[in-house]
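Structure first, commentary second.
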Amino acid sequence: MKNSLWIFAVLAITFLGDRAIGYVMQQQAADSQFRYARLYDNRAEADILLVGNSRGLIFYQPYIEEVTQSETFNVSYNGMPIDLANVLVQDYFDLYPAPKKMVVDVTMCDRLNDQLMSDFKMYAPYSEKLSKLLKDKSDTAYNGSQFSHLFRYNSELYQRNLFFQNKTDEDWLLDRVISDGMVEGSADLKDYTIDFQPTQKTKQVKTSFEYVTNQLVDMVTDSPTKGTDVETNPEYVINQLVEMVKYAQAKGTEVELVINPYFPAFANKIVNIQDLKRTVEAKTGLPVNDYSLAVKETAGFGDYQHLNKAGARTFIDKMLADNVLK
Amino acid sequence: MIFNSIPFFIFIGIFLPLYFALRGKARLWLCLIASYFFYGWWDYRFLSLIVISTALDYLVGLQLGKTEEATARKRLMLLSMAVNLGFLAFFKYFNFFADSFADVLVSVGFEPSWHTLNIILPVGISFYTFQSMSYTIDVWKKEIPVEKNFLRFATFISFFPQLVAGPIVRASEFLPQFQSDRKFDWNRIISGSGQMLWGFFKKVAVADSLAPFVDQCFAAPDTFSSMHLFIGVLFYSFQIYCDFSGYSDIAIGLARMMGFDFPENFRTPYFSQDFSEFWKRWHITLSSWLGDYLYIPLGGNRNGSFGSIFFIGLFSVFAIGVTGWMWLIPAFLLIYAGGYYYLRQGKKQKAKTFTMMNLMVTMLLGGLWHGSSYVFILWGFLHGAYLIFQRILGPGFGKLLDSLHTPSWLRMGINVAIVFSLTSLAWVFFRSPDFETAMSVLSGIANLETFTFGSVIHKFVVLKGVFVVGILLMVEASDLKFNYQEVSLRKPIFRVVTYTLLLLLIAFMGTFDSDAFIYFQF
């Protein structure tokens, strides 16, 4: 092979391989039983839409479906930030008939998570809103996924997608009992604050070309453009929740806001849970059902912030009794 | 500027064509300016340190070339040592020694009151200082000729591929390569780019993928199960290896493309069967530097020196003073008494005792080279102890395996497992911010009640980690018998396939948001 030819061969085969493997992965990912694969593949129509982060996974779907005789779809994921949830919920409403109810755990308003955002790059081709959010929040992930299709599947989310290829994820719940050490340690817990006003950071970068140009500018100037905040909005998180609620209401869905249970000793250490409740109620105009202390049994918890299956059943029974799920 | 960043690719995309287009002095100027730009990208103010070190050692070298008088030559060499080590001492160790001295004073009843300074550690200072010092020492020992061309000398000190994290290239190996223009050579481009790709795979696909899991373990060890911490420690062993050797591979590959040969820095160290072998395979350029410029001057495996005895005494005092563990006093006294008794048993025993003492001093200082913290010294101490115990117990263990008729493959497996386990144990101290964290990690692992895979959080991260480490080990194990570089030079199809696979693996498994290489801090 001629001296320089192999370089072109490597680049060409890499490009073709990237596109070919990316295509195969896209097809495989779309067939998965994982929730987001179903969401974007028109297989997620439901009567009740459930929204939260890892604490939202305790909306234990098999039991809810059994007691309500309704179809459910859970958007929740570990560390899910509200802005990402907002986009996923809006996509749901754009793709399906409006569900009767949407239940949202408002304690998910405690963080922003650009890392998880970048994991969702594999679904960006299916959603303009998701693509725009990715572009705003994670330029590396956005530009990388434009450049390499294989890179779209470089994430934990894709691994889960594979894991749930042929089995349902509806009973995905951390099913263990809180350790004795944690129970004993709960006596010494420090005060905990839910940070429901984390600052939003938006980068100025818009296109791959601009990104590279900015990097060049950084190289020769003393005023770096990378990571420059163009907007810092302490109410961003709550506004995202409000937007999500209004979007659902506009489609005719009844929205229920809840605070999911915490381990009692931990719940008592949260200093601003009532502030969060008041703020959300004032901004959304909806009551927040506070279940933070609804489950008392130690055996119902997996850790301080998550119920196990037994606890989830108790919690769901209480929501049912309060007509939150009906 | 870090290798795994877009600015670096832009930088190298501009630099390489210019480099091959220019010749002679112009090319040297380009290398020097590019190197200063590369370093100044991090903080241009600290370029002054490199410039001062360079100018001083250049002038000292010139003067050494002019005088034959032994005392004057020694003075010149000591001047260079004082300034270079002075920079290193101030920027890297000032606060550490000030705090340590205060701790010792407190332990003997004094109440010192002084403030430490907020000193920024210049990136790569330990690397270029050692490189610069090696030149002066070698000229002083008349082992290499004086470099009279300032441009060549300055480029040697600041050469950007290995400026901030090695390999430490000696003047005797590197300066002669500047004597003539390095020619463009396709074979060098092939093997250099291959090594760079492998380095990038190690860094972004292995090291940076394992990093978040490891960081979590060491940030709050009390909150994780035994199995979680155990996996965290194993992952760290591979993270630091891939982070550092990945950097070396990129540096060596880039230099090779430019026409320069750098010494090998890592040679599958986790396949070592004893600790002496480990140090011939791990950070080879530092090990050989410490061997030639510290271990041998201390007496090597023949003699002792006042320096060794002084340093071991100093270490003992600091260890007692800082920990406040009074039981260390009789323990140290017992060790010294044992050493003294053994020393007097004959010539052979004397040489053995001195060897162990010099090994320990070299490893303690090797630990201190990494950073101004007790955990690094403890890491060095553990490796010193491993080398000593290997000398004491190794022959007996070998005979035991012989008597059990252990097949060679099993013997190799046992030895590799022992060396890897003990090395990983030492890494716990190296990684921990303090002694307490290290002990929390180790006691957490010892709590075998939670040594179950079910107790591990982030299993998908573990799965990915196991996958990338598996690829690494597979390639390294096969590389022991199969020379990838040589085959990729001979067989273009093989080259195209392996390079393509690496690029695709990097895209699929890489982590692209990490900040820097671990060894930048040293």
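The values are calculated or read from the model by the stated rules, or taken from the named source; none is laboratory data. From a predicted model like this one, the values you see are computed outputs, not experimental measurements. Cβ sites come from the backbone with ideal geometry, for glycine too, and all protein chains shown count toward neighbours.
One residue stands out among those in region B:7-44 that are under 20 Å from residue B:150 (Cα atoms) and of a type in the set (Phe, Trp, Tyr): the one that is nearest to the other protein chains (Cβ to nearest Cβ), which is B:37.
Screening residue A:23 against (1) under 30 Å from residue B:488 (Cβ atoms); (2) away from chain B (no Cβ under 12 Å); (3) free of Cβ contacts under 8 Å to residues at least 12 places away in the same chain leaves a single unmet condition, (3). In a residue-by-residue description of region A:35-42, the property of being surrounded by fewer than 22 Cβ atoms within 10 Å (Cβ to Cβ) and either at pLDDT below 90 or more than 17 Å from the chain's Cα centre (by Cα) (or both) applies to at least one position. The criterion of being at pLDDT below 70 and in a helix (DSSP H, G or I) does not hold for residue B:154.
Going by what's in this entry, would residue B:53 be described as away from chain A (no Cβ under 14 Å), within 28 Å of the chain's Cα centre (by Cα), loosely packed, with under 14 Cβ neighbours inside 10 Å and outside any loop (DSSP other than H, G, I, E, B)? The answer is no for residue B:53. At least 3 residues being more than 30 Å from residue B:41 (Cα to Cα), away from every other protein chain (no Cβ under 11 Å) and without any contact (Cβ under 8 Å) to a residue 40 or more places away in the chain is the threshold, and among the helices (runs of 4 or more DSSP H) wholly inside region B:406-522 those reaching it are B:408-431, B:435-446, B:459-479, B:484-490.
Among the residues of region A:142-175, write down those that are facing chain B (nearest Cβ under 8 Å) and in a loop (DSSP other than H, G, I, E, B). Answer for region A:142-175, where residues must be facing chain B (nearest Cβ under 8 Å) and in a loop (DSSP other than H, G, I, E, B): A:148, A:154. Considered as a group, the residues in region A:149-192 that are small (Gly, Ala, Ser) and touching a Lys or Arg at 6+ places or on another chain (Cβ under 9 Å) include one that is nearest to residue B:205 (Cα to Cα), and that residue is A:155.
Scoring residue B:143 on the criteria (1) outside any loop (DSSP other than H, G, I, E, B); (2) of a type in the set (Asp, Glu); (3) without any contact (Cβ under 8 Å) to a residue 40 or more places away in the chain leaves a single failure, condition (1). If residue A:46 satisfies every condition in (1) over 15 Å from residue A:161 (Cβ atoms); (2) assigned to a helix (DSSP H, G or I); (3) of a type in the set (Gly, Ala, Ser) but one, which is the exception? Among (1) over 15 Å from residue A:161 (Cβ atoms); (2) assigned to a helix (DSSP H, G or I); (3) of a type in the set (Gly, Ala, Ser), residue A:46 violates only (2).
Checked against (1) within 14 Å of chain B (Cβ to nearest Cβ); (2) more than 18 Å from the chain's Cα centre (by Cα); (3) surrounded by 20 or more Cβ atoms within 10 Å (Cβ to Cβ), residue A:101 passes all but condition (1). Here residue B:300 passes the criteria (1) under 19 Å from residue B:382 (Cβ atoms); (2) within 25 Å of the chain's Cα centre (by Cα) except the one numbered (1).
For beta carbons closer than 6 Å, sequence separation of 6+ or different chains, a first residue in region B:173-198 that is among the charged types (D, E, K, R) and a second that is surrounded by 16 or more Cβ atoms within 10 Å (Cβ to Cβ), the qualifying pairs are B:182/B:259; B:188/B:256; B:188/B:257.
Counting only residues that are part of a loop (DSSP other than H, G, I, E, B) and touching a Leu at 6+ places or on another chain (Cβ under 8 Å), how many does region A:271-292 have? Matching residues across region A:271-292 total 2.
When we screen A:295, A:205, A:258, A:217 for residues that are assigned to a helix (DSSP H, G or I) and either under 30 Å from residue B:8 (Cβ atoms) or at pLDDT 80 or above (or both), the only hit is A:217.
Reported count of residues in region A:163-185, each being closer than 12 Å to residue A:37 by Cβ and either without any contact (Cβ under 8 Å) to a residue 24 or more places away in the chain or buried (at least 17 other Cβ atoms within 10 Å of the Cβ) (or both), is 3.
Candidates A:52, A:79: the one that is at pLDDT below 90 and under 18 Å from the mean Cα position of the chain (by Cα) is A:79. Looking only at region A:121-133, which residues are away from chain B (no Cβ under 14 Å) and touching a helix residue (DSSP H, G or I) at 6+ places or on another chain (Cβ under 6 Å)? Correct list: A:123, A:124, A:127, A:129, A:130, A:131, A:133. Exactly one residue out of A:107, A:68 is more than 14 Å from chain B (Cβ to nearest Cβ), buried (at least 22 other Cβ atoms within 10 Å of the Cβ), closer than 22 Å to residue A:290 by Cα and not charged (D, E, K, R): that is A:107.
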